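Written out below as structure tokens is the structure these notes cover.
Here, each number is a calculation from the coordinates, and none is a lab measurement. Everything numeric in this text was worked out from a predicted model, so none of it was measured. Every residue, glycine as well, gets a Cβ built from its backbone with ideal geometry; the counts of neighbours run over all protein chains shown.
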Amino acid sequence: MTFIDAIKSYFKNYVTFKGRARRSEFWYAALFTALVSAAISIIAPGHRETMGDFIVDQNSPLSSLWSLATFLPTLAITWRRLHDVNKSGGWFFFVLLPIVGWILLLIQLVKDSQPGANQYGEPVK
């Protein structure tokens, strides 16, 4: 899947939690959202506020809108990617475990697709 195809699929399947997502589709979408986030940070940086003795970094409204707009499709594509390696989408919640949870989830996200059909559908390759 090409970069452009992956981005189209990312927005086309905005909140589709059923089915499977290829590894390239997932990682191209992750790259796209990271690049846009970086560009927004450069174009519209946030500001710092002092609250008593603490300094708090605030996001710009544009950055907050981008995060809000990409939250559900990112969750959905992660869910479908886990389905592609024959894992429940609930594996996503391993991120709540400090350190080890992120590692366990990352291992599943970088795995190659399970060949053939599984309980989540036909392969997308």
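Only one residue in 25, 49 is among the acidic types (Asp, Glu) and touching a strand residue (DSSP E or B) at 6+ places or on another chain (Cβ under 7 Å), so which one is that?
That would be 49, the only listed residue that is among the acidic types (Asp, Glu) and touching a strand residue (DSSP E or B) at 6+ places or on another chain (Cβ under 7 Å).
Which ones in the stretch 1-37 are part of a loop (DSSP other than H, G, I, E, B), surrounded by 14 or more Cβ atoms within 10 Å (Cβ to Cβ) and not hydroxyl-bearing (Ser, Thr, Tyr)?
Start the filter on the stretch 1-37 by keeping residues that are part of a loop (DSSP other than H, G, I, E, B), which leaves 1-2, 13-22.
Next cut, surrounded by 14 or more Cβ atoms within 10 Å (Cβ to Cβ) only: 1, 13, 16-17, 19-22.
Within the stretch 1-37, 1, 13, 17, 19, 20, 21, 22 qualify.
If we keep just the residues of the stretch 96-122 that are in contact (Cβ under 8 Å) with a residue 24 or more places away in the chain and in contact with a Phe, Trp or Tyr (Cβ under 7 Å, 6 or more places away or on another chain), which is farthest from residue 27 (Cα to Cα)?
108
Kindly list, by first and then second residue, each pair from a residue in the stretch 25-44 that is under 21 Å from residue 79 (Cα atoms) to a residue that is not in a helix (DSSP H, G or I), limited to pairs with Cβ atoms under 6 Å and residues at least 6 apart or on different chains.
25/1
Test residue 50 against the stated conditions and say whether it is in contact (Cβ under 8 Å) with a residue 40 or more places away in the chain and either polar (S, T, N, Q) or part of a loop (DSSP other than H, G, I, E, B) (or both). Don't jump to the end; show me each part of the working.
Numbers: in contact (Cβ under 8 Å) with a residue 40 or more places away in the chain: no; either polar (S, T, N, Q) or part of a loop (DSSP other than H, G, I, E, B) (or both): yes.
Here the answer is no, as residue 50 does not meet what is asked.
When residues of the stretch 81-104 are filtered for being within 23 Å of residue 123 (Cβ to Cβ) and of a type in the set (A, V, I, L, M), how many remain?
Of the residues in that region, 2 qualify.
Restricting to the stretch 95-125, name every residue that is over 16 Å from residue 78 (Cβ atoms) and exposed (fewer than 12 other Cβ atoms within 10 Å of the Cβ).
Hits for the stretch 95-125 are 98, 99, 100, 112, 115, 116, 117, 119, 122.
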